[in-house]
1. Enter the Cα centre distance for the pair the stretch 128-157 and the stretch 40-61, rounded to the nearest angstrom.
2. Hey, rough spin-label estimate for Leu230 and Thr216, points 7 angstrom out along Cα→Cβ, what's it come to in nanometres?
3. Please list, by residue number, every one of the GluC sites (Glu not before Pro) in the stretch 173-209 that is coil in DSSP and has at most 12 other beta-carbon atoms within 10 Å.
4. Which distance in nm do the two modelled labels at His51 and Asn76 give, with both placed 7 Å along the Cα-to-Cβ direction?
5. Sum -39500 (n - 2.57) across every DSSP H segment of at least 4 residues in the chain, then divide by the residue count to get the 222 nm mean residue ellipticity, nearest 500.
6. Calculate the FRET efficiency for Ser140 and Leu198 from the Cβ-Cβ distance with a Förster distance of 25 Å, rounded to the nearest 0.05.
7. Set the Förster distance to 25 Å, then compute FRET efficiency between Glu154 and Ser131 from the Cβ-Cβ distance, nearest 0.05.
Amino acid sequence: MPLSLVGIDADDTLWHNEPVFRLTHQRFNDLLAEFADAEVIEAKLAEVERHNLATYGYGAKGFTLSMLETALTLSNSKIAATAIREILGFGREMMTHPVEPLEGVEDALKELAQAARLILITKGDLFHQESKLAASGLGSHFSGVEIVSEKTPETYARTFARHGGSVDHAVMAGNSVRSDILPMLEAGGWAALVPYPLVWAHEAAETPVNHPRFRTLGSLRELSGWLGDLS
Ligand SMILES: [Mg+2]
């Protein structure tokens, strides 16, 4: 069965993203060290972030607001205005951080684009994701770009239908079991996990075992081989 549509995740699938967040966490923990231990700060930030996702959605801007809220809470509103300014600076640096594509991604996309239509499917802030795609230089390989607020089975069914196919003839590739794999399989599609060494706690989930429409790959370069096996 030919799979003619390939959805590809962006953050930590096409380019490095989680290291930027990890670095910011470290700087944030250092900044708040006088108010709490790193574990307490991390736990509070995770709680605030989880709570805020429904309001701010995914991405660096929402994360910056969550850092500010966490700093105000943990310091009992005593945090200095200069520290607030530093946190705003952390957020700005995340927004303007250079985009570094993962090794081999460009070649993988070139090869894939010969066999299928590629759709970039990513969550997060529209402006920031568009900026990163432009900065990556990878945009020309994609027939479509979908920046969505959440990756659900309905998101995948709707997206692949809009691009002239159907989800059961499409494959989604990405680094997040929770966002790129499980909802795609639930929608009836095919899914390839391309693990990235760091996983955001919010994205952690059990990897499927022996699922007939799922494969774990060593890199995006292995995807065209799997598509060939399936055809
Ligand atoms: Mg990702």
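1. Here the two parts' Cα centres lie 22 Å apart.
2. Label-label distance for Leu230 and Thr216, simple model: 1.8 nm.
3. Numbers: sites: Glu186, Glu203, Glu206; in loops: Glu206.
Qualifying residues, ordered by number: Glu206.
4. With each label point 7 Å from Cα toward Cβ, the separation is 1.8 nm.
5. Working: 9 runs with 109 residues, N = 231.
Value at 222 nm, helices only: -14500 deg cm²/dmol.
6. Working: r = 28 Å, r/R0 = 1.12.
Efficiency at R0 = 25 Å is approximately 0.35.
7. On the way: r = 27 Å, r/R0 = 1.08.
Efficiency, from the Cβ-Cβ distance: 0.40.
No value in this document is a laboratory result; all are computed from the given coordinates. These numbers were taken from a predicted model, which means no experiment stands behind them. Every residue, glycine among them, receives a Cβ derived from its backbone with ideal geometry; neighbour counts consider all protein chains shown.
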